[in-house]
Structures are given as C-alpha cells and as structure tokens.
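Inspection log for the structure reproduced underneath, given as structure tokens.
The values are calculated or read from the model by the stated rules, or taken from the named source; none is laboratory data. Just so you know, these numbers come straight off a predicted model, no measurement behind them. Reconstructed Cβ throughout: ideal geometry from the backbone, glycine too, with neighbour counts over all protein chains shown.
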Amino acid sequence: MKAIDMKELVDAMKELEEERGIKKDYLLESLELALVTAYKKNFDSADNVKVVIDRETGEMHVYSTKTVVEAVKDEPLEISLQNAQKISKKYEIGDSVDVEIVPKNFGRIAAQTAKQVVVQKIREAEREIVYNEFNEKKGEIVTGIVQKSDGNTVVLDLGKLEGIMPLKEQIPTEEYKVNDKIRGYVVSVEKGIKGNPQVIVSRSHNDFVRRLFEFEIPEIYEGLIEIKNISRDAGSRSKVAVYSTNENIDPVGSCVGQKGVRIQNIINELHGEKIDVIEWNEDPAVFIAAALLPAQVLAVDIKEEEKFAQVIVPDDQLSLAIGKSGQNARLAARLTDWKIDIKSESQFRKMLEESQALQNEGETEEQETVEE
C-alpha cells in the first residue's frame with residue numbers, strides 16, 4: 001500500500017538522521033504506532049491491528065493479527081485453520097497470523113497522521129538532543145546574552161536555548177542589562193514544561209570561581225596545583241585554598257601570576273571581587289593562620305576533637321582579622337571548616353590574668369579552709 005509518497009517520507013527521514021542525528025527508525029516506529037491509533041479511531045475497529053512501513057522503500061502495510069482456531073467465534077480477532085493454511089501450510093491451531101487488509105481512504109488519513117507525528121517527534125528529538133548537549137555542560141562555564149532582566153530572574157540567550165539565572169544565583173553587586181554578554185556556571189539542566197530543557201546558570205556559585213581559576217591558571221588545569229576549598233561572599237570577597245605536591249611549584253605565586261596578572265583577570269570577570277589565595281596545609285594551625293590573611297597571626301591554639309581554634313593577633317590586627325561585619329573570620333572558618341575565636345594580644349593577656357586571679361583566689365580559699 002503506497003498511499004502518500006512514503007518513499008519520499010523515508011528519504012526525508014534519512015536526511016534528518018544525517019543532518020540532525022534524529023534516528024529514522026525512531027521516527028518510523030512512532031509513525032507506525034500513531035497509524036494504528038488512527039486506524040482504530042477512524043474505522044471503529046476492534047481488530048488487533050499493526051502497521052508496518054518498509055525501512056527502505058517506504059511501502060506501508062496494514063495487518064490484522066488473528067489467532068488460528070478450529071471454528072471462528074470472534075471474526076475480528078480469529079481466523080479458521082482452513083483459511084490460515086491458504087496463506088501458509090505451516091499454520092496450526094493457536095498460531096498468530098497477520099492478515100493484510102486494505103482499508104479504503106486510509107492513505108489520506110495516513111498522510112495527515114504522518115505529518116503530525118513527524119513534526120512532533122522531530123521537536124521532541126531536537127529537545128532531547130539539546131538537553132543531552134547541555135547536560136554534558138553541567139559544571140562548565142557558558143557564555144550568554146542577557147535577554148531579560150527584571151530585578152529578579154535574568155534570562156540568557158545561550159544559542160540553542162535559554163538559560164535562567166535566579167536571584168540567588170546572581171552576584172548582589174552586579175547589574176545585568178539587556179544585550180550584556182556574560183559568563184555563568186551551569187548548575188543544572190532540567191526538563192521543564194512540555195519537555196523543554198531549562199538551564200540554571202549561576203555567577204554566585206563557589207564553583208564559578210573554581211572554573212575561572214582552571215581557565216586562567218594552566219597549572220590548575222593540568223592538575224599540578226589543586227584547589228582544596230573555596231569560601232565566598234559573592235561580589236565582595238573569596239578565599240581560595242590551593243596546594244601542590246610538587247615542591248618546585250609555588251601554588252600561591254602561580255595563581256597570582258607575575259605582577260598579579262593572572263588573578264587580576266579573574267577579579268575583572270567578577271567585577272572587582274577581592275580574592276585571597278591561600279596555601280593549604282595539613283597542619284590546621286598553620287592553615288588557619290594563613291586563612292586569616294591579610295591579618296597577621298601570633299598564635300593558634302587548637303582543640304582537635306571540637307575542631308575549635310583560639311587565635312591570637314596583635315592589637316592593631318584585630319579588626320583586620322575579624323573583617324567588616326565579621327567577613328574575614330567567617331570566610332576563614334568556612335574555608336578551614338573549623339570554629340575560630342579571635343582575640344587580640346591584650347585581650348588574651350587580660351583573659352589569662354583573670355584566669356590566674358580566679359585560680360589564686362580558689363587556692364587561698366582552700367588554704368583558709370584547711371587552717372580552720
């Protein structure tokens with residue numbers, strides 16, 4: 001049955017497979033299922049129908065699948081042994097036989113169905129291809145053009161689809177304007193309404209900074225330097241802990257670059273966000289002291305079980321160590337994963353003196369009790 005030029009349709013499907021990667025067999029299988037539904041709907045049929053389209057010629061056949069019985073009681077679903085053996089002598093009671101039928105005007109119905117199915121499946125397949133393409137970019141940096149920015153959600157044109165940057169993924173100090181070209185970190189790729197892929201993009205994510213370091217610092221990209229951890233107040237300040245097992249590599253110097261050129265490229269991308277690059281150390285006392293940069297640290301007393309560190313700094317370094325609104329201390333605590341209490345030298349001395357006085361007072365009271 002060749003109604004509608006199925007050969008042309010199959011050839012068009014081959015082109016789609018070559019040009020867009022949409023499998024011809026996937027389209028034909030979907031079309032066959034849709035044609036079965038169309039047949040039953042238009043012919044009010046109870047037949048067990050199947051439609052087969054030749055993968056090369058496009059020739060279409062409609063079959064009614066019947067069970068071989070001795071005496072037919074349900075004609076749409078059964079065929080007598082005598083009639084079955086007219087088709088082939090091999091058939092026996094209980095076998096299934098495909099009996100070809102030629103429904104009148106089915107070619108016109110098939111043509112309409114084919115067009116609808118192919119268009120729908122092409123859209124679905126293209127969405128799936130785009131979804132898979134962007135799903136592979138999860139955790140990567142993409143570039144987009146701002147299409148919409150209403151003070152809440154930013155919509156980006158990423159080429160094949162839109163990227164969404166919710167308020168929480170934006171840098172608070174940045175303003176996004178329509179037609180601005182910006183970069184962002186792909187947090188996730190989801191299937192939204194009607195199966196359309198939705199890409200969630202972030203500029204506030206810690207891993208956005210991580211990826212920027214990989215782009216700008218060849219030693220990190222090559223694995224010679226490892227980023228151990230990042231703590232960040234997006235738009236304001238970041239602390240990045242780096243480490244190298246190679247004694248000949250200065251991890252901090254490599255990241256900063258000659259005259260700060262490497263780190264400056266990252267700062268420029270983040271529109272002036274300050275970045276402290278710190279050398280990671282397995283000794284928590286050394287690492288904590290480094291994490292509080294740019295403040296100088298006199299001593300670090302740690303309690304391993306509680307993951308608590310008492311840090312002593314010079315009097316003139318206390319406000320620097322704590323930072324504005326506690327930012328420096330907070331970022332250092334996040335970076336090291338330790339609780340940090342900072343005291344100035346004079347505060348610590350006074351604390352020791354008070355502790356000593358209480359101890360002396362206790363000893364005096366104990367001595368008076370003994371004398372009584």
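What residue, among those in region 54-95 that are free of Cβ contacts under 8 Å to residues at least 24 places away in the same chain and basic (Lys, Arg), is nearest to VAL36 (Cα to Cα)? Once the filter is applied, the top-ranked residue is LYS73. Taking region 157-212 as the region of interest, the strands (runs of 3 or more DSSP E) fully inside it that hold 3 or more residues being of a type in the set (A, V, I, L, M, F, W, C) and on the phi < 0 side of the Ramachandran plot are 181-191, 197-202. Using the structure shown, decide if VAL68 is more than 30 Å from VAL209 (Cβ to Cβ) and touching a strand residue (DSSP E or B) at 6+ places or on another chain (Cβ under 7 Å). Judged against the criteria, VAL68 is a match. If the condition is being at pLDDT 95 or above and polar (S, T, N, Q), then region 326-358 contributes GLN327, ASN328, THR336. Before we move on, is ASN328 surrounded by fewer than 18 Cβ atoms within 10 Å (Cβ to Cβ), touching a helix residue (DSSP H, G or I) at 6+ places or on another chain (Cβ under 8 Å) and closer than 30 Å to PRO218 by Cβ? No: the conditions fail for ASN328. The residues on offer are THR113, THR143, and the sole one that is in the same structural domain as TYR39 (by TED's automatic domain parsing) and either within 24 Å of LEU270 (Cα to Cα) or touching a residue at least 40 places away in the same chain (Cβ under 8 Å) (or both) is THR113. With respect to (1) over 20 Å from the mean Cα position of the chain (by Cα); (2) farther than 26 Å from ILE275 by Cα, the lone exception for GLU222 is condition (2). For ARG183, the criteria (1) loosely packed, with under 15 Cβ neighbours inside 10 Å; (2) touching a strand residue (DSSP E or B) at 6+ places or on another chain (Cβ under 8 Å) hold in every case but one, which is (1).
LEU31: touching a Lys or Arg at 6+ places or on another chain (Cβ under 7 Å) and either in the same structural domain as GLU124 (by TED's automatic domain parsing) or charged (D, E, K, R) (or both), yes or no? Judged against the criteria, LEU31 is not a match. Any residue at all in region 111-119 that's surrounded by 13 or more Cβ atoms within 10 Å (Cβ to Cβ) and in a loop (DSSP other than H, G, I, E, B)? Looking through region 111-119, none of the residues is surrounded by 13 or more Cβ atoms within 10 Å (Cβ to Cβ) and in a loop (DSSP other than H, G, I, E, B).
So that you can scan it fast, the table gives a plain yes or no per residue for (1) over 15 Å from ALA241 (Cβ atoms); (2) touching an Asp or Glu at 6+ places or on another chain (Cβ under 9 Å); (3) not charged (D, E, K, R):
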{"position": "LEU292", "(1), (2), (3)": "no, no, yes"}
{"position": "LYS307", "(1), (2), (3)": "yes, yes, no"}
{"position": "PRO314", "(1), (2), (3)": "yes, yes, yes"}
{"position": "ASP341", "(1), (2), (3)": "yes, no, no"}
{"position": "GLN347", "(1), (2), (3)": "yes, yes, yes"}
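Within region 131-148, the presence of at least one residue that is in contact with a helix residue (DSSP H, G or I) (Cβ under 9 Å, 6 or more places away or on another chain) and part of a helix (DSSP H, G or I) is confirmed. For region 184-199, the tally of residues that are out of contact with any His (no Cβ under 9 Å at 6 or more places or on another chain) and either touching a residue at least 40 places away in the same chain (Cβ under 8 Å) or not assigned by TED's automatic domain parsing to the domain that holds GLN170 (or both) stands at 8. Would you confirm whether or not region 31-45 contains a residue that is among the acidic types (Asp, Glu), assigned to a helix (DSSP H, G or I) and exposed (fewer than 14 other Cβ atoms within 10 Å of the Cβ)? No, that holds for no residue.
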